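Beneath this line is the structure, given in structure tokens, with notes to follow.
Here, each number is a calculation from the coordinates, and none is a lab measurement. Keep in mind that this is a model prediction, so the values were computed, not measured. Here the Cβ is made from the backbone with ideal geometry for all residues, glycine too, and neighbour counts use every protein chain on show.
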Amino acid sequence: MTGPDERDRRPSLRERRRLHTATEISAVAAELFLRDGVATTTLADIAAAAEVSTRTVQRYFANKADVLAPVLREGLQDYLAAVASIPSRRHDLDELGAALVDALAVTFEGPDGAREAERVRLVVGEPELLSVWLRMHEECVHGLVPLLAPRLPAALDPLPLRFGATLVVTANRLAVETWAATGGDARDHLVHCLEALRTWSLPGTA
């Protein structure tokens, strides 16, 4: 049974519709950016392709680069959902590391992997989009902290916990960017990053 607190956290129908519209516009913009380039694509182009008014696009997004945020956020939310599915108990670092690798792979494996790689190359190669990409990963850190806390080998104070979440999200980002740029397996790139982190010793996890 759903408790009152869980109901309070649910977005309203209006919020869900707004999110759906924003994500639809964002997906259209991503395709236009890939096809025509960011510089030559205007808000009017995005509006026409999404079958909404330019004013609607401007109401949802502060600028052209920000239009891509919902699509990028969606992938990171898939990752957080995969982390949330890891049993909520204390894990040793090897076990937790393997589970985090699997969580990242969920986002990038499958038939849409090639398209995801194209999007990553796009955002990394465009300075104005890169700032949005980095901002979405900072949001991911905030989402990862409460998920990571009960799954680490030992309890951590807020500062080292946030530091650890930042390291994990940064490792994910570097692994995905490397995968998009060079190919191979995103899992392998993340494993290399996480192995490098083992040279760091977080309080309570050494």
Taking every alpha carbon pair in the range 68-197 and sorting the distances into 10 angstrom bins from 0 up to the bin holding the longest one, the percent per bin comes out as 13, 47, 33, 8, 0
With only helices counted (DSSP H, runs n ≥ 4, each -39500 (n - 2.57)), the per-residue ellipticity at 222 nm for the chain, to the nearest 500, works out to -23500 deg cm²/dmol
If N is the residue count of the range 4-61, its Cα Rg over 2.2 N^0.38 Å rounds to 1.39
For the range 61-78, Karplus-derived ³J(HN,Hα) couplings (6.51, -1.76, 1.60; θ = phi - 60°; whole Hz; x for glycine and proline) come out as 10, 6, 7, 5, 4, 5, 4, 7, 4, x, 5, 5, 5, 4, x, 5, 5, 4
By the Cα gyration tensor axes a ≥ b ≥ c (a/c under 1.5 gives rounded; else a/b larger than b/c gives prolate, otherwise oblate), the shape of the range 100-177 is oblate
A correct Karplus calculation of ³J(HN,Hα) over the range 126-131, with 6.51 cos²θ - 1.76 cosθ + 1.60, θ = phi - 60°, whole Hz and x for Gly and Pro, returns 10, x, 5, 7, 4, 5
Comparing ARG135, ARG162, ARG17 in a Gaussian network model of the chain (Cα, 10 Å), the one with the largest mean-square fluctuation is ARG17
Rounded to one decimal in nm, the spacing of the 7 Å Cα→Cβ label points at SER12 and ALA62 is 2.4
Relative contact order of the chain (C-alpha contacts under 8 Å, at least 6 apart) in percent is 19
Within the set THR21, THR182, THR42, GNM on the chain using Cα springs under 10 Å gives the largest fluctuation to THR182
Which of ALA186, ALA114, ALA165 fluctuates most in a GNM of the chain (C-alpha springs under 10 Å)? That residue is ALA114
One finds the C-alpha centres of the range 164-186 and the range 45-70 to be spaced, in Å, by 29
